[in-house]
1. When only C-alpha pairs under 8 Å and at least 6 residues apart count, what is the relative contact order of region 223-318, in percent?
2. In 5 Å bins starting at zero, report the fraction of Cα pairs in region 186-268 per bin as a rounded %.
3. Go through region 193-273 and name the trypsin sites (Lys or Arg not before Pro) that are in a DSSP coil and have 12 or fewer other Cβ atoms within 10 Å of their Cβ.
4. With an 8 Å cut-off on Cα pairs and a minimum separation of 6 or more residues, tell me the relative contact order of region 123-266 in percent.
5. For region 1-157, what is the accessible area per residue in Å² when the probe is 1.4 Å?
6. Compare the peptides 151-164, 112-125, 168-181 by average per-residue count of other Cβ atoms within 10 angstrom and give them in order, highest first.
7. Given labels modelled 7 Å from the Cα in the Cβ direction, how far is it in nm from Leu20 to Met195?
8. Can you check what the Kirkwood hydrodynamic radius comes to for region 229-310, Cα pairs only, in Å to one decimal?
Amino acid sequence: MESTFNSYQSLKTWKEEQILKYRSDISALNDFHDIIMKAVIRMALERTKKIERPSSWKFAWFTMGSSGRREQGFLSDQDHGLVFESGAAEAEKYFLELGEEVSKGLQAVGYPFCEGNVMSSNPLWCKSLSEWKEQINAWMQEESLQTIRNLHIFYDSRVLAGEEAYIAELKSFIHVNLQKSPHLLTRMVETSMHMKKSVGPFGQILAEEKGSHQGELDLKYAAFIPYVNAVRILAVKEGILDTSTIARMNKIMNINGYGGLGKYRNNFAVLLKWRLQSYRQTDAYDDTHYIQLKTLSISERNELRDILKDAKKLHQFVVRTIQKGAG
């Protein structure tokens with residue numbers, strides 16, 4: 001299907017015509033996003049043909065964030081990078097140009113540029129395989145808020161074009177090094193497990209008190225991010241290469257000591273469903289993170305409150321698990 005498009009504009013038009021068909025199926029929606037992004041990559045490769053590139057150069061273009069985890073809603077910004085084979089001195093210039101073209105193409109079809117510049121047009125996220133290992137090692141040694149955050153971001157990477165083995169090798173590199181320095185898992189907890197208070201002392205859901213989202217709940221930071229971050233840390237600890245939060249939990253639950261994760265997996269599936277159902281075509285990107293509490297029934301509100309409370313319990317479980325391992 002993606003091979004039938006020859007311009008970013010025609011692809012954008014088709015995307016806008018088709019995307020709302022996937023309101024009830026998160027998996028099909030993310031398959032659709034993959035089709036769009038692969039079409040952009042194909043066109044970008046065509047447009048950079050004028051730059052000399054030996055066909056033998058191997059690479060992997062990977063997506064991260066909600067796209068890497070296959071948890072995108074209808075609107076999503078960009079998070080992606082490139083890794084290419086080591087040893088070709090001219091490769092860096094070419095792949096940065098390719099990364100820039102892909103970034104422009106994704107923006108043209110409706111994926112906003114990443115505000116944090118986590119894109120393959122940025123040299124930080126476009127490197128040879130050997131340079132990636134050096135960079136990951138440097139991130140782990142520095143242990144700063146930003147470099148540990150970069151590890152979190154990278155661990156959600158999923159290859160959409162090229163050599164899947166490159167990303168598997170780099171994730172295994174992270175896991176092996178964390179086994180040698182288990183205190184880094186504690187650092188990952190410290191830098192990612194802040195939770196936005198969302199349930200009051202009397203069990204009430206704490207909605208936004210002012211602004212354009214007054215009376216709404218920030219579903220991303222109150223619920224999604226706490227679940228995603230907690231499960232990712234367990235995945236890193238256990239060397240699980242899957243990227244979706246539910247797939248990670250499915251794998252983790254087969255490991256001794258993690259059998260109680262079932263309710264958290266079910267909770268996350270409900271969150272994904274609600275985000276799709278609450279989408280309004282007038283939404284801007286940031287608006288898609290909020291849910292209008294007045295649209296929920298009493299039973300749904302109670303379910304949401306329990307999901308928010310469980311996010312805190314999951315957080316506490318992960319903290320105890322990592323502290324036990326570090327000790």
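The values are calculated or read from the model by the stated rules, or taken from the named source; none is laboratory data. Note that this is a predicted model, so its numbers are computed, not measured. Cβ placement follows ideal geometry from the backbone for every residue including glycine, while neighbour counts extend to all protein chains displayed. All accessible areas refer to the heavy atoms of the entire protein, side chains included, with ligands and DNA or RNA removed. Shrake-Rupley method; radii C 1.70, N 1.55, O 1.52, S 1.80 Å.
1. The value is 36 percent.
2. Spelled out bin by bin, region 186-268 gives 3, 13, 21, 20, 18, 11, 9, 5, 1, 0 percent.
3. Passing sites in region 193-273 are Lys197, Lys210.
4. Values: 112 pairs, mean separation 28.8, N = 144.
RCO, region 123-266: 20 percent.
5. Spelled out: the 1.4 Å probe surface of region 1-157, per residue, equals 44 Å².
6. In descending order of packing, they fall as 151-164, 112-125, 168-181.
7. 3.7
8. Working: mean 1/r = 0.0696 Å⁻¹.
When all Cα pairs of region 229-310 are included, the Kirkwood radius is 14.4 Å.
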